[in-house]
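A.B. asks: One structure, as structure tokens, below. Some questions next.
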Amino acid sequence: EYAEFLHCKSKKFTDFDEVRQEIEAETDRVTGTNKGISPVPINLRVYSPHVLNLTLIDLPGITKVPVGDQPQDIEYQIKEMIMQFISRESSLILAVTPANMDLANSDALKMAKEVDPQGLRTIGVITKLDLMDEGTDARDVLENKLLPLRRGYIGVVNRSQKDIDGKKDIRAALAAERKFFLSHPAYRHMADRMGTPHLQKVLNQQLTNHIRETLPSLRSKLQSQLLSLEKEVEEYKNFRPDDPTRKTKALLQMVQQFGVDFEKRIEGSGDQVDTLELSGGARINRIFHERFPFELVKMEFDEKDLRREISYAIKNIHGVRQVTGLFTPDLAFEAIVKKQVVKLKEPCLKCVDLVIQELINTVRQCTSKVLISLSQQRLALPNAPLSSQILLLIDIELSYINTNHEDFIGFAKYQRNTQTNKKRAIPNQVGCRRARAAPSAPSGRVRRAPGICRGRERPAPTLALRSVLLRSSSPKTGGIGIAGFPAVSRRAPGGNLCPALPAQTENEDGAQENTFSMDPQLERQVETIRNLVDSYVGIINKSIRDLMPKTIMHLMINN
């Protein structure tokens, strides 16, 4: 009997005490003397007529808390080291668990299940059967009833620390183990299937069978690798470093590989998935469907300014003529719509810039330094025509205001809906108080306008009410009536009318706010155009949100 170490090949060890000392010495050389760890294995080969052909990899136990020179992530490092070995399909896993520990809490079985969920490669080993509390046993575990494994469990009784320190002979330890199983009432019936000698035989037999099963696939894998290497060797037989054709070929291969990597990052791929953050195509998708719509929504405008612009547009279109309530001018609608559509240019161009920046980041991730500058120059080329095309989309929308769009509410339809809503509101006017002049409110409070029912606001007045809401002859009368007219100081004729009068507020300084006001006819036209603009701009936004990703994909990303 003798042993050989890989790190000292020329020396044969015949004294196994020296073998033990060499293992400890080599461990200290690699990991230090204060319980450090290293994934580099110590290779030991033992030749003996009393052992079976078997390769055993002895892995460290899982440490939860670092001690000595061990790093803070000791548990993670040991798990990673163990995973490197047990993940190999060609290996069998010995999941060793002490008998005096709950099997459900076994780290070895848990890790084995992660890499071998079907249990095809896992053999359970139960140790310390002689240290279990009196009156308890591991019979159900060893009979494969508690937590079944396809290859079953084998129980062993190893030497205690006292036996090791006393240098108890291995043969004596095996005899004591055999005696334990034969004499224990719970294990007596299965003694032939327990113990270290039986474990050796089972491992040898199952490893042989496992090798026989995996050998065909291993052979084919080796053959394919051999063919690949032979093909590569052929290419280098007539190799000349300065051959320009080789340089061209190498550059083309780099470009081709860049194309493959770039497409994977844009289109998505199962290999090398980033689990920490979004990248490539996922970020571009987020720009298209989250960031760009957000930029459109962010284009807020002041409601008061918009209404003022609409009223100025209406007045300017009428010119010297009086604004009448007969017609709502189309030109005012078109002018306001075009002004709103022009504002879309900024978020659209910003979206283009965001996508270009993400493409540049993607290029940096998937190419060599040689190609980075070339790729960035290539990315800059389609930017100008793309921006022009994006602006062209906006100009196309500006060139023709399609009021026949199926989703557009339309002038006639809006007026019909308004009249229908007014008719529906008539029955709710029962019980209104008579229209009275608004009493003066104390400073700092909101005055309730006359004609407002409790808990319900009445609809806006119609044209027929204009004769009722005349300017008061008394300068003492305070308050604002409908659309800027001073409130009425006396009961209106036929006092059952209940128009909805806007409340007047006073600011914190006690001064009245100079709110923009207009006559009822103009106000109705402004309200009509305001709602129609909202409807049409919504259609434009929907169209731009759909066309922007398509245009960018066609002119830049696919290009």
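The values are calculated or read from the model by the stated rules, or taken from the named source; none is laboratory data. Quick caveat, the model's predicted, so the values are computed rather than measured. Glycine also receives a Cβ, built like all others from the backbone with ideal geometry; neighbour counts cover every protein chain displayed. Note: areas computed on protein heavy atoms with side chains; ligands, DNA, RNA excluded. Shrake-Rupley method; radii C 1.70, N 1.55, O 1.52, S 1.80 Å.
A.B. asks: Applying a 10 Å radius around every beta-carbon, put 40-53, 240-253 in order of their mean neighbour count, most first.
C.D. replies: Descending packing order for the listed peptides: 40-53, 240-253.
A.B. asks: Considering only C-alpha atoms, what is the centroid distance from region 24-81 to region 542-559, in Å?
C.D. replies: Result: 57 Å between the Cα centres.
A.B. asks: Which whole-number percent gives the relative contact order of region 89-237, counting Cα pairs below 8 Å spaced six or more residues apart?
C.D. replies: 19 percent
A.B. asks: What pairs in LYS304/LYS338; LYS298/LYS343; LYS264/LYS550; LYS298/LYS345; LYS298/LYS339 have C-alpha atoms more than 21 Å from each other?
C.D. replies: Check vs 21 Å cut-off fails for no pair.
A.B. asks: With a cap of 13 neighbouring Cβ atoms within 10 Å, and only residues DSSP puts in a loop, list the GluC sites (Glu not before Pro) found in region 1-90.
C.D. replies: GLU1, GLU89
A.B. asks: Here's something else I'd like to know. Count the net charge of all other residues whose Cβ sits under 12 Å from the Cβ of THR97, scoring Lys and Arg as +1 and Asp and Glu as -1.
C.D. replies: Net local charge, THR97 excluded: 0.
A.B. asks: Placing unit charges on C-beta atoms (Lys and Arg positive, Asp and Glu negative, everything else neutral), compute the dipole magnitude of region 66-217 about its Cα centre in debye, rounded to 20.
C.D. replies: The dipole of region 66-217 has a size of about 720 debye.
A.B. asks: Round to the nearest 0.05 the FRET efficiency obtained for ASN361 and GLN205 when R0 = 60 Å and r is the Cβ-Cβ distance.
C.D. replies: E(calc), rounded to 0.05, equals 0.60.
A.B. asks: log₁₀ I(q)/I(0) of region 1-87 at q = 0.23 Å⁻¹, via Debye over equal Cα point scatterers, no solvent, to two decimals?
C.D. replies: Cα-only, vacuum Debye calculation for region 1-87: -1.18.
A.B. asks: Sorting check: for 166-173, 394-401, which peptide has the highest mean count of neighbouring beta carbons within 10 Å, and how do the rest follow?
C.D. replies: Most protected by this proxy first, the peptides run 394-401, 166-173.
A.B. asks: State in Å² the accessible area per residue of region 89-237; use a 1.4 Å probe, count heavy atoms of protein chains only, and round to the nearest integer.
C.D. replies: Normalised by residue count, the accessible surface of region 89-237 is 65 Å².
A.B. asks: Percent of accessible area on region 1-87 owned by carbon and sulfur, 1.4 Å probe?
C.D. replies: Answer for region 1-87: carbon and sulfur cover 50 percent of the accessible area.
A.B. asks: Sort 281-292, 200-211, 526-537 for me by packing, meaning the mean count of neighbouring Cβ atoms within 10 Å per residue, highest on top.
C.D. replies: So the peptides 281-292, 200-211, 526-537, ranked by packing, come out 526-537, 281-292, 200-211.
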